[in-house]
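The next block holds one structure in the form of structure tokens; read it before the comments.
The values are calculated or read from the model by the stated rules, or taken from the named source; none is laboratory data. Keep in mind that what you see is a predicted model, and the values were worked out from it rather than measured. Methodologically, a virtual Cβ is constructed for each residue, glycine included, from the backbone with ideal geometry; neighbour enumeration extends over all protein chains shown.
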Amino acid sequence: MQANRFRNNKKKIINDPIYGFISIPDEFIFDVIEHPYVQRLRRISQLGLSHLVYPGAVHTRFQHVIGAMHLMGKAVSVLQKKGHEITDREKRAVLLAILLHDIGHGPFSHALEFDIVKSVSHEDISAYFIKSLEKTFGSDLELALTIFEDKYNKPFLHQLVSSQLDMDRLDYLNRDSFFSGVSEGTIGSDRLIEMLQVREGQLVIEEKGIYSVEKFIVARRLMYWQVYLHKTVVSAEYMLIYALRRAKSLLRNGHEVFASPALSFFLKKDVSHEDFGDADTVLENFAALDDYDILQSLKVWSRNTDATLGFLSSSIVNRRLFKIEISKKPFSLAKIKGVKDQLLKSGNFSGMDLDYLVFSDKLMNKAYNQKFQNINLLMKSGEIVDLSEASDNLNISALARPVEKYFLCYPR
């Protein structure tokens, strides 16, 4: 099917709570937005189960990708004004790349990323979706995928999509801050975009933007601990992970477990990269999967005859979230066994598999990763310097070091 058959829409305007009116820049891009793969993002929550802590945090991936595309348009205009050649085709492709960068997210975004499918990241699944859309929309999507996968001869275009200071992060920090009500996440995205420059094909920030970048790094750190890794959010999302794992185990052992056709497909089968590459069936089932499949299942599972699945599911549905302890050191096996013994003695958990009710893992917050596409500053002298070396804010060097915490979660 030829792409030009889809170019039949007038330009549209979307009213966004963060930026006001967003104009869809291209009729072709509007047609891509209208595709069911993209519309599905309306049914994928941006912040997983964070709304159980911050009731306003019910925004979706769809809102985020539209916002990120809006910022991308601004960034391209700034770079063009500064004399960098970005053709109309490249502009459309990078707008499509950012629009589709999250299309591979599964239900509740990051919460179930490696439990719905096995060892396949949402970025990889996004690439499979873009390849599929290319069959419908043509070569514009081919160039978008090339940029998305960092295979294009202008690396800065990929860095605008995915780097330490990309349009993805600039949007989600302000958006997540707005909807959660956590004001510490607010950043000056307009100022940061105005400070963008390109040197030797790489994205850099002009020296006068250093304080805006510092605020961006600190804001990201604060949002991780206050929202993304808030201990109650972690408790809820791990409960969801273990409910899904329990359902999967029961189903594979012959027990009757309710699931929508799309969810049932992934509960019964461990899906790997090879499966995505070999069959459209996998992608179509993934495209049919969203938050509603999981929510409906949890409601039904809360009455399942399996006590473990029933308890986990009803606890999530009714917000009876597990207690969570945080430590700088891993919890010992003796500590975990002690918690299980206490639960057994209480008599409230007879017939339940405590391996699904008591769990421990590690949390990591790294606001600035110097080893992954570090943020470079373009000094007035023309020298390129890493942010942590140029900053007079001593916190930047500290923020480059990862902070690890461990948690232990169990029923109250």
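Points to keep in mind about this one:
- Some residue of the stretch 53-71 being polar (S, T, N, Q) and within 30 Å of Lys231 (Cβ to Cβ): yes
- Annotation: of all residues in the stretch 184-204 being over 16 Å from Asp168 (Cα atoms) and in contact with a Ser or Thr (Cβ under 8 Å, 6 or more places away or on another chain), the one that is surrounded by the most Cβ atoms within 10 Å (Cβ to Cβ) is Met195.
- Condition met for Thr281 (farther than 19 Å from Pro107 by Cα and either among the hydroxyl-bearing types (Ser, Thr, Tyr) or in the same structural domain as Ser126 (by TED's automatic domain parsing) (or both)): no
Per-residue answers, yes or no, for (1) in contact with a Phe, Trp or Tyr (Cβ under 9 Å, 6 or more places away or on another chain); (2) at pLDDT 90 or above:
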| residue | (1), (2) |
| --- | --- |
| Lys82 | no, yes |
| Ala93 | yes, yes |
| Leu100 | yes, yes |
| His105 | no, yes |
| Glu113 | no, no |
| Ser121 | yes, yes |
| Ile125 | yes, yes |
| Phe137 | yes, yes |
| Glu142 | no, yes |
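- For the stretch 172-212, filtered to residues that are hydroxyl-bearing (Ser, Thr, Tyr) and part of a helix (DSSP H, G or I), the residue that is nearest to the chain's Cα centre (by Cα) is Tyr172.
- Restricted to the stretch 9-115, the set of helices (runs of 4 or more DSSP H) holding at least 1 residues that are on the phi < 0 side of the Ramachandran plot and without any contact (Cβ under 8 Å) to a residue 12 or more places away in the chain comprises 61-81, 88-99.
- Candidate set: the stretch 130-139, residues that are in contact (Cβ under 8 Å) with a residue 40 or more places away in the chain and buried (at least 20 other Cβ atoms within 10 Å of the Cβ); chosen: the one nearest to Tyr37 (Cα to Cα): Leu133
- Counted residues, the stretch 294-310 - those being surrounded by fewer than 20 Cβ atoms within 10 Å (Cβ to Cβ) and either β-branched (Val, Ile, Thr) or free of Cβ contacts under 8 Å to residues at least 40 places away in the same chain (or both): 8
- Scanning the stretch 328-365 for residues that are touching a Lys or Arg at 6+ places or on another chain (Cβ under 7 Å) and assigned to a strand (DSSP E or B) turns up Leu363, Asn365.
- Some residue of the stretch 151-166 being in a loop (DSSP other than H, G, I, E, B) and farther than 30 Å from Gln197 by Cα: no
- The residues on offer are Ile294, Ile217, and the sole one that is under 30 Å from Arg169 (Cβ atoms), assigned to a helix (DSSP H, G or I), at pLDDT 95 or above and not polar (S, T, N, Q) is Ile294.
- The residue that is surrounded by the most Cβ atoms within 10 Å (Cβ to Cβ), counting only those in the stretch 213-250 that are among the charged types (D, E, K, R) and either over 16 Å from the mean Cα position of the chain (by Cα) or closer than 16 Å to Ser183 by Cα (or both), is Arg246.
- Of all residues in the stretch 393-412, those being surrounded by 16 or more Cβ atoms within 10 Å (Cβ to Cβ) and either touching a strand residue (DSSP E or B) at 6+ places or on another chain (Cβ under 8 Å) or modelled with pLDDT of 75 or more (or both) number 7.
- Selection within the stretch 311-330: residues that are in contact with a Ser or Thr (Cβ under 6 Å, 6 or more places away or on another chain) and surrounded by 16 or more Cβ atoms within 10 Å (Cβ to Cβ). The member of this set that is nearest to Leu49 (Cα to Cα) is Leu321.
- Inter-residue pairs, beta-carbon under 6 Å, first over 18 Å from Gly67 (Cβ atoms) and in the stretch 180-194, second modelled with pLDDT under 95 and part of a helix (DSSP H, G or I), 6+ apart: Glu184/Leu222
- Glu256 vs. criteria without any contact (Cβ under 8 Å) to a residue 24 or more places away in the chain, surrounded by fewer than 18 Cβ atoms within 10 Å (Cβ to Cβ) and within 30 Å of His35 (Cα to Cα): no
Yes/no per residue for (1) of a type in the set (Ser, Thr, Tyr); (2) buried (at least 24 other Cβ atoms within 10 Å of the Cβ); (3) assigned by TED's automatic domain parsing to the domain that holds His110:
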site	(1), (2), (3)
Ser45	yes, no, yes
His51	no, no, yes
Gly56	no, no, yes
Phe62	no, no, yes
Ala68	no, yes, yes
Met72	no, yes, yes
Ser77	yes, no, yes
Lys81	no, no, yes
Ile86	no, no, yes
